[in-house]
Structure formats: C-alpha cells, structure tokens
Amino acid sequence: MTRSDCLRKPLLGLVAGLFIFSVPGCGQPQVEPQHRRLILGLATATSAQKSDWLEQTASEIDAARKSGQLSETTDRVFTQIVQLARAGDWQRARELAYALRDAQRPTPEDIQRVQQRQMPEPKLPPRRPFPQRP
C-alpha cells in the first residue's frame, strides 16, 4: 500500500460522511404548520418538567392523531418525546423537543404572512424637558 492509498481512504470516508449528513431528510422532520404549536407545548412541558402540562399537550396530540391530522413521522417524534418525559428522562425529552423546534423552517405561507403584515405605529412616551440644575 502506497502513501497516497493511505491518504485516499480517510479522505473518501470524510467525503462520504459529509454527503450523508448533507442529504435532505436527515435529522428532525418538518412538522405540519398547524401542529407546530404542539412542539412549543412539548418544549415548555419538558423544560419545566411539568407532568400536567405534558399530559395536556399529549391529549392534544392524541386528538390530532385520532382525527387523522398527524403524519406518521410527526406522530412518531411527538410520541417519542412524550414517552421519554413520562419515563422520567426529562432532559432527553427536552433536548429532542428543542431540536425539533429548532429544525422547523418557515413555509411559503409563513413568509408571505410576515411580508404582508402591517405593523402599528410605535407609541413613544411624551417628551419631558430635562430637569434644571440648581
């Protein structure tokens, strides 16, 4: 084996690794826009380690599941977070909820809504003169 062969194998491994991590679909899924508030509910409940908040969000997830509104991928990731929290692994559940939250990208509708929104005029306090020094 020549020296160039020894260098080529690690280089090919590095290129293959970079390719695998750059393939779309790796990592956290995109959740349907109407269910993104559930991500926030999971993130809040796991961060605060509040079982009642978790169960409230879990019941909303269950209702969406029963009505057929959740994709299989979204259902799977939500279920994983809920199960980890219920098992007492709040830290891992929080990490997954935060990773899912941070992976979401705006839809074209989100972008259009932001571009078209009208911002109110800022309300500034009335100007008062500076106090006079004695």
Residue match in segment 78-100 (condition: over 26 Å from G27 (Cβ atoms), of a type outside the set (D, E, K, R) and not in a loop (DSSP other than H, G, I, E, B)): no
Some residue of segment 44-61 being outside any helix (DSSP H, G or I) and at pLDDT below 95: no
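The values are calculated or read from the model by the stated rules, or taken from the named source; none is laboratory data. Please read these numbers as outputs of a predicted model, since none were measured by experiment. As a convention, Cβ positions derive from the backbone with ideal geometry for all residues, glycine included, and neighbour counts pool all protein chains shown.
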